[in-house]
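The values are calculated or read from the model by the stated rules, or taken from the named source; none is laboratory data. Every value quoted in this text rests on a predicted model; they were computed, and no experiment measured them. With ideal geometry, Cβ positions are generated from the backbone for all residues, glycine too; neighbour counts draw on all protein chains shown.
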Amino acid sequence: MAATLCSLPTLPSLPPKQPQIHPKLLSTSHNTSKSQNHPQKLINETFQHLKSASLPLTALTLPFFLDPEDAVAVGGQFGILEGRSFALIHPIVMSGLFVYTLYAGYLGWQWRRVRTIQDEINELKKQVKPVAVTPDGNPAAETPKPSPVEVKIQQLTEERKMLIKGSYRDKHFNAGSILLGFGVFEAVFGGINTWFRTGKLFPGPHLFAGAGITILWAAAAALVPAMQKGNETARSLHIALNALNVILFIWQIPTGIDIVFKVFEFTKWP
């Protein structure tokens, strides 16, 4: 039996067919086989693959989580914030702040007058001729009538006393603080209100003038510490900045009126 099996012809043996494996799978299985003995290394490599894939995945999935209407500032979702009554707050408040700016300037000028009037009195006193007296200290002759210079000194002294009673220094400081606080707040509020109604801002004279006014308010207020120390340069610059502020305010009024007309045209109550 054994001799019979040995005498049978020997068939050529074909090599076993190797399954086709994708190169990426091959590399993965190769890395996996290498990492079987190193579990910590396998975990680290897995995290590295996830990190590299996080950005593309985020870019792909982000549009599905965003609602295009969320980027639109108009359409009724803000309710009264888009209405006419809310839009008219800015022009009404700014009109009041313009008048208050003039009032603050008047208070500042009166306080400056308190300081400068004393300098005038001192200069006039230098022009008064001394009165002749006897060795006993009594007038050598009958006291003459006050000269025009002396009359002027008396008038200025009385005026200064009245100005001091007016407490213009404190009033001007308080008015400037209120103007700075409400002015900056209302300037920002005006831009936000425009965004509520239209979904964007409109670069132009009104917007740029408003930004300039806000900057001048802050710059003038920044000079106060130096002014309190008696710095005349800071005082002069403070006056110049506020004068420019008033000019910008006046120049801004026509453009503001045009915007009010557009508010009535494109908005509804409330």
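I'm checking my understanding of the structure. Among residues of the range 211-270 that are among the polar types (S, T, N, Q) and farther than 24 Å from residue 169 by Cβ, which one is nearest to the chain's Cα centre (by Cα)?
214
Might you let me know whether the range 162-181 holds any residue that is closer than 24 Å to residue 83 by Cα and without any contact (Cβ under 8 Å) to a residue 24 or more places away in the chain? It would help to see each step written out before you state the result.
So in the range 162-181, the residues closer than 24 Å to residue 83 by Cα come out as none.
No, the conditions are met nowhere in the range 162-181.
Residues that are modelled with pLDDT of 90 or more, under 45 Å from the mean Cα position of the chain (by Cα) and either part of a helix (DSSP H, G or I) or not small (Gly, Ala, Ser) (or both): does the range 143-153 have at least one?
The answer is no, given that none of the residues of the range 143-153 is modelled with pLDDT of 90 or more, under 45 Å from the mean Cα position of the chain (by Cα) and either part of a helix (DSSP H, G or I) or not small (Gly, Ala, Ser) (or both).
So the check is Cβ under 9 Å with 6+ separation or different chains; which pairs have a first residue in the range 114-143 that's closer than 27 Å to residue 161 by Cβ and a second one that's at pLDDT 70 or above and in a loop (DSSP other than H, G, I, E, B)?
114/166; 127/147; 128/147; 129/147
Restricting the range 160-194 to residues that are of a type in the set (Ser, Thr, Tyr) and buried (at least 16 other Cβ atoms within 10 Å of the Cβ), which is nearest to residue 112 (Cα to Cα)?
Checking each candidate, the answer is 168.
Which condition breaks for residue 220 when tested against (1) in contact with a Gly (Cβ under 8 Å, 6 or more places away or on another chain); (2) touching a residue at least 40 places away in the same chain (Cβ under 8 Å); (3) not in a helix (DSSP H, G or I)?
Against the list (1) in contact with a Gly (Cβ under 8 Å, 6 or more places away or on another chain); (2) touching a residue at least 40 places away in the same chain (Cβ under 8 Å); (3) not in a helix (DSSP H, G or I), residue 220 comes up short only on (3).
State whether one or more residues within the range 193-206 are basic (Lys, Arg), closer than 30 Å to residue 77 by Cα and in contact (Cβ under 8 Å) with a residue 40 or more places away in the chain.
Start the filter on the range 193-206 by keeping residues that are basic (Lys, Arg), which leaves 197, 200.
Applying the additional criterion that residues be closer than 30 Å to residue 77 by Cα yields 197, 200.
Checking which are in contact (Cβ under 8 Å) with a residue 40 or more places away in the chain leaves us with 197, 200.
There is at least one residue in the range 193-206 that is basic (Lys, Arg), closer than 30 Å to residue 77 by Cα and in contact (Cβ under 8 Å) with a residue 40 or more places away in the chain.
Scan the range 120-130 and tell me whether some residue there is in a helix (DSSP H, G or I), at pLDDT below 95 and hydrophobic (A, V, I, L, M, F, W, C).
Yes, that holds for at least one residue.
Go through 180, 163, 156, 88 for me and flag whichever is at pLDDT 90 or above, touching a helix residue (DSSP H, G or I) at 6+ places or on another chain (Cβ under 9 Å) and farther than 30 Å from residue 218 by Cα.
When all the criteria are applied, what remains is 156.
For the range 202-256: of the residues being in contact with a Ser or Thr (Cβ under 9 Å, 6 or more places away or on another chain) and not hydrophobic (A, V, I, L, M, F, W, C), which is surrounded by the fewest Cβ atoms within 10 Å (Cβ to Cβ)?
Filtering the range 202-256 for residues that are in contact with a Ser or Thr (Cβ under 9 Å, 6 or more places away or on another chain) and not hydrophobic (A, V, I, L, M, F, W, C), the one surrounded by the fewest Cβ atoms within 10 Å (Cβ to Cβ) comes out as 204.
Is at least one residue of the range 247-257 among the hydrophobic types (A, V, I, L, M, F, W, C) and not in a helix (DSSP H, G or I)?
No - not one qualifying residue is present in the range 247-257.
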